[in-house]
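Participant: Provided herewith is a single structure, encoded as structure tokens, for subsequent inquiry.
The values are calculated or read from the model by the stated rules, or taken from the named source; none is laboratory data. On a predicted model such as this, the values are computed, not experimentally measured, just so you know. Don't worry about glycine lacking a Cβ; one is built from the backbone with ideal geometry, like all the others, and counts go over all protein chains shown.
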Amino acid sequence: LVFHAGTVDRRLRVHDSDSGAVLASYELPAGLHAGPITYRIKKDGPQYLVVAPGGHIGLGSRQGDYVIAYRLASGRR
């Protein structure tokens, strides 16, 4: 997966890394201009993606003070 933000429409997009297809898109409350992080609490536990939309006055994006965590699907069937 590839996570993409930093656009003027305040959306976080999830792309398939092989095809580039958009798999999901989430509206954000403010501009996201920093990279996301991922983590796991346990080695075999769920993976989380965390973003911090804060906007940027110099770029003219909506400002805010947010931290948002998404739980990623395991892909196991």
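For (1) hydroxyl-bearing (Ser, Thr, Tyr); (2) modelled with pLDDT under 90; (3) within 16 Å of the chain's Cα centre (by Cα), each residue gets a yes or a no:
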{"position": "Ala30", "(1), (2), (3)": "no, no, yes"}
{"position": "Ala34", "(1), (2), (3)": "no, yes, yes"}
{"position": "Gly45", "(1), (2), (3)": "no, no, no"}
{"position": "Val50", "(1), (2), (3)": "no, no, yes"}
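Participant: Got a sec? Which of Val51, Val67 is out of contact with any Gly (no Cβ under 8 Å at 6 or more places or on another chain) and over 12 Å from His4 (Cα atoms)?
Facilitator: Matching residue, one of Val51, Val67: Val67.
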